[in-house]
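Written out below as structure tokens is the structure these notes cover.
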Amino acid sequence: MEEKKYYTISVYTENNVGLVNRISTIFLKRHVNLLSMTASESEIEDVYRFTILVKMTEEKVKKIVGQIEKQIEVIKAYYHTDEETISQETALYKVKSELLFDEPQIQNIIKKSGASIVTVNKKFFVISKTGRRIETEALHSALKPFGLLQFTRSGRIAVTKEAMMISDVLKDFDEE
Amino acid sequence: MSKNKERITGAEAVIRCLLAEGVDLLYGYPGGAIMPVYDELYKYQDKLTHILARHEQGAIHAAQGYARTSGRVGVAMATSGPGATNLVTGIADAQIDSTPLVCITGQVASHLLGSDAFQETDIVGISTPVTKWNIQITKAEDIPTMMAKAFYIARSGRPGPVLVDITKDAQFAEFDFSYEPCKGVRSYKAIPATDPQSLKDAAALINDAEKPMIVWGQGVILGEAEAEFKAFVEKSGIPAAWTILGVSALETAHDLNVGMVGMHGNYGPNKLTNECDLLIAIGMRFDDRVTGNLETYAKQAKVIHFEIDPAEVNKNVMCEVAVMGSVKTTLADLLPLIKEKTYASWLAEFKAFDKIEQEKVIQEELYPSKDGLSMGEVIRNVNEVTGGDAVIVTDVGQHQMMAIRYAEFVKSKSNVTSGGLGTMGFALPAAMGAKQGAPDRQVVAVIGDGGYQMTIQELGTIFQYNIGVKVLVLNNEFLGMVRQWQELFFDNRYASTEMVNPNFVKIAEGYNIPANSVSKREDLADAVKTMLETPGPYFLEVRVEKENNVFPMIPTGASVSDIRLS
Ligand SMILES: Cc1ncc(C[n+]2csc(CCOP(=O)(O)OP(=O)(O)O)c2C)c(N)n1
Ligand SMILES: [Mg+2]
């Protein structure tokens with residue numbers, strides 16, 4: 001059995017309401033958990049980009065990407081390993097305000113992690129950390145012993161080290 | 001068609017789009033949310049024939065049958081809610097068997113969407129996994145471009161079903177209509193480019209092979225590549241086997257046609273799949289019913305895959321060379337690159353297996369020594385009258401496998417069956433559409449007593465429109481195929497597979513369809529002849545042996561070379 005790895009799938013699409021459903025059913029059919037899925041504009045006007053994080057074998061991710069790309073409104077889909085991408089996630093940590101004064105290490109932890117304090121009031125304060133998964137996870141384990149009121153992490157966004165050439169793909173379509 | 005803008009309603013625009021796409025026949029069933037379009041159908045009835053089915057499932061299977069024999073896009077229409085959900089089985093069937101369909105559904109008015117309004121159902125959401133494309137239209141002015149796109153997507157590349165859901169307010173609204181056919185969709189490449197090197201690589205493998213074998217599928221028919229395919233087979237001299245949906249692309253009697261692969265396919269091509277040194281797959285997708293256990297499937301062979309859909313390449317079987325594109329052009333381009341060859345001793349290996357299958361299975365099936373009638377001999381009797389020049393539509397089960405194994409074909413587009421989905425209830429409505437798609441041809445629907453009762457209501461449609469299909473029910477009083485599996489794999493425990501059936505002749509006669517039933521060998525030939533020679537629709541029940549089995553058989557999960565003869 002081939003080894004399971006993290007893959008970042010990037011899907012360039014025409015803007016279309018039904019696409020999220022169309023793409024996610026492809027994963028659903030194969031019982032694949034989406035670790036995260038984010039949608040945003042892309043570098044090209046009117047072209048949208050989904051960034052999906054999965055853990056699976058390369059053989060499987062290749063087939064899934066083929067089936068995604070086959071959807072009419074999908075322009076192009078790629079998959080990349082962690083080494084091939086620059087990726088970031090943002091985590092928010094909500095902590096009781098009194099800890100900031102009672103537990104001096106907390107200030108240290110925040111400083112060392114490069115996190116920032118988003119807001120402070122009498123009851124709680126919120127820390128935000130943007131970085132790779134291991135970094136947000138490290139901060140999570142460091143803060144956990146003090147008690148986290150709330151924790152949440154955004155989906156992964158990523159750009160690839162290699163060029164994507166979507167404009168070329170679009171030109172190809174236009175020329176036909 | 002005029003480019004000038006005219007002010008019309010969305011509902012009329014739907015009809016005008018259909019006419020612009022060359023549609024003159026569609027199948028459907030009315031209801032509240034689609035009534036504006038039906039009202040326009042009434043006005044355009046001299047240009048567009050609407051066939052009122054007796055159930056939306058009947059309408060869509062009819063549209064499928066129509067598409068399969070005519071090579072055109074089938075159109076099915078239904079109202080929102082239950083009308084739309086009743087289409088879903090047919091949509092799924094068309095998706096897996098690559099049948100070009102445009103389904104039009106009415107939807108509640110846009111201001112009611114999401115409010116659980118009367119007969120509101122999220123048909124776009126429901127149909128997403130089983131459509132090639134779908135769209136909801138809430139504005140009349142979007143109708144022409146979306147309809148044009150729908151037809152383009154349904155028929156281009158690897159065909160498939162498309163669903164267009166139109167809210168009732170969009171049907172009522174007026175706008176300035178003009179129609180422009182769709183010539184392309186930016187994010188969709190209908191036919192992938194062919195790498196010229198792949199053709200050279202394929203030719204080199206073909207020219208060097210010692211025991212090559214072709215397996216072709218429906219791609220040859222969908223691509224209208226029958227002539228190019230035959231030229232390739234004949235010049236290369238390579239034995240060619242077919243998947244269930246590929247049947248009839250090359251005539252049954254052709255010297256190089258070595259029969260069917262897969263679960264109930266022929267002995268030779270299944271056995272020799274695991275002996276060949278080169279497997280040339282043409283317009284087929286290595287379905288698990290074809291390959292059996294993938295771990296032991298053609299491991300010794302190099303594989304060339306001629307394919308239009310990139311997602312099918314290396315999905316189930318890894319190939320040495322993938323030749324992308326439409327087989328109509330790739331096979332034509334391949335022809336000058338290959339040597340003219342013959343493979344006498346290799347072909348003799350197929351014939352040797354044929355002989356075994358003939359002695360152990362076929363002889364008894366076609367000329368039974370027992371009193372009870374066999375399904376195979378019924379099909380033989382059909383062949384004897386039609387000479388193979390008939391469209392055989394089948395349902396799903398033992399009779400399907402028997403019909404496809406034993407029917408003879410002399411022309412392409414002569415078989416309509418539910419292959420990928422295996423939809424019982426498909427045949428009767430599909431046969432209506434098949435007949436209307438090929439009105440000059442004899443159309444025989446071979447159906448089991450189980451599946452017949454799933455869409456038996458379509459006798460009403462056959463009666464009302466006098467559709468000249470021959471309905472041949474092979475009655476074994478069992479859900480035979482399931483019973484066969486119970487016998488072989490569940491120790492004869494016949495859980496809920498035996499049926500007490502009604503008087504089928506009376507039912508047909510109730511619809512004014514001439515009908516007959518036979519159970520004795522001496523009556524069979526005449527009964528079949530009368531059925532085929534009576535003008536218009538005809539119903540014939542043949543009461544066959546209750547517990548016959550279909551062989552050969554590759555048990556699920558077994559290797560193709562472990563195919564059983566008994
Ligand atoms: C809609 C649907 N339900 C269930 C099945 C499972 N199934 C496959 S074959 C079969 C039996 C078919 O019986 P019949 O129509 O009498 O044909 P026979 O096998 O007896 O020729 C069944 C139940 C199916 N294929 N389709
Ligand atoms: Mg039966």
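Bear in mind that the values in this text are calculations on the coordinates, not laboratory data. Predicted model, so just to flag it, every value in this text is computed and none were measured. Glycine also receives a Cβ, built like all others from the backbone with ideal geometry; neighbour counts cover every protein chain displayed.
What to note about this one:
- Selection from the range B:415-426 of residues that are over 10 Å from the mean Cα position of the chain (by Cα) and in contact (Cβ under 8 Å) with a residue 60 or more places away in the chain: B:423, B:425
- Helices (runs of 4 or more DSSP H) fully within the range B:428-539 that include at least 2 residues being within 11 Å of ligand 1 (Cβ to nearest atom) and out of contact with any strand residue (DSSP E or B) (no Cβ under 6 Å at 6 or more places or on another chain): B:449-452, B:480-489.
- A single entry from B:354, B:395 fulfils the requirement of being more than 16 Å from ligand 2 (Cβ to nearest atom), in contact with a strand residue (DSSP E or B) (Cβ under 8 Å, 6 or more places away or on another chain) and closer than 26 Å to residue B:566 by Cβ: B:354.
- Here the condition is being surrounded by fewer than 19 Cβ atoms within 10 Å (Cβ to Cβ) and under 30 Å from residue A:124 (Cβ atoms); of A:57, A:25, A:38, it holds for A:38 alone.
- Scope the range B:522-566; condition closer than 27 Å to residue B:260 by Cβ and among the β-branched types (Val, Ile, Thr); matching residues: B:528, B:542, B:544, B:550, B:554, B:556, B:560, B:563
- A single entry from B:475, B:466, B:501 fulfils the requirement of being more than 21 Å from the chain's Cα centre (by Cα), within 12 Å of ligand 2 (Cβ to nearest atom) and touching a residue at least 60 places away in the same chain (Cβ under 8 Å): B:475.
- All positions within the range B:400-424 that are surrounded by fewer than 24 Cβ atoms within 10 Å (Cβ to Cβ), among the aliphatic types (A, V, I, L, M) and within 11 Å of ligand 1 (Cβ to nearest atom): B:421, B:424
- Test: residue in the range B:246-256 that is in a helix (DSSP H, G or I) and under 24 Å from residue B:358 (Cα atoms): yes
- Taking residues in the range B:218-237 that are over 20 Å from residue B:70 (Cα atoms), and partners anywhere that are hydroxyl-bearing (Ser, Thr, Tyr), the pairs with Cβ atoms closer than 7 Å and at least 6 places apart or on different chains are B:237/B:342; B:237/B:343.
Yes/no per residue for (1) in contact (Cβ under 8 Å) with a residue 40 or more places away in the chain; (2) surrounded by fewer than 24 Cβ atoms within 10 Å (Cβ to Cβ); (3) in contact with a helix residue (DSSP H, G or I) (Cβ under 8 Å, 6 or more places away or on another chain); (4) farther than 22 Å from residue B:424 by Cα:
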site	(1), (2), (3), (4)
B:36	yes, yes, yes, yes
B:39	no, yes, yes, yes
B:74	yes, no, yes, no
B:88	yes, yes, yes, no
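- Hits in the range A:104-127 (condition: touching a residue at least 12 places away in the same chain (Cβ under 8 Å), under 14 Å from residue A:94 (Cα atoms) and exposed (fewer than 15 other Cβ atoms within 10 Å of the Cβ)): A:116, A:118, A:120, A:121, A:122, A:123
- Candidates in the range B:368-399 are the residues that are away from ligand 1 (no atom under 14 Å from the Cβ) and among the β-branched types (Val, Ile, Thr); of these, the one that is surrounded by the most Cβ atoms within 10 Å (Cβ to Cβ) is B:392.
- Every residue from the range A:129-176 that is more than 14 Å from chain B (Cβ to nearest Cβ), part of a helix (DSSP H, G or I) and surrounded by 11 or more Cβ atoms within 10 Å (Cβ to Cβ): A:133, A:135, A:136, A:137, A:138, A:139, A:140, A:142, A:143, A:144, A:146
- Test for residue A:27: is it hydrophobic (A, V, I, L, M, F, W, C) and within 12 Å of chain B (Cβ to nearest Cβ): yes
- Positions within the range B:360-392 being within 16 Å of ligand 2 (Cβ to nearest atom) and among the polar types (S, T, N, Q), in sequence order: B:374
- Looking across the range B:426-454 at every residue that is of a type in the set (Val, Ile, Thr) and more than 16 Å from ligand 2 (Cβ to nearest atom), the one that is nearest to the other protein chains (Cβ to nearest Cβ) is identified as B:443.
- Scoring residue B:186 on the criteria (1) more than 14 Å from chain A (Cβ to nearest Cβ); (2) more than 30 Å from residue B:33 (Cα to Cα) leaves a single failure, condition (1).
- Within the range B:446-461, residues that are in contact (Cβ under 8 Å) with a residue 24 or more places away in the chain sit with their Cβ atoms under 7 Å from residues that are near ligand 1 (Cβ under 7 Å from one of its atoms) and among the small types (Gly, Ala, Ser), at 6+ positions apart or across chains, in these pairs: B:448/B:397; B:448/B:480; B:450/B:397; B:451/B:397; B:451/B:425; B:454/B:425; B:455/B:425.
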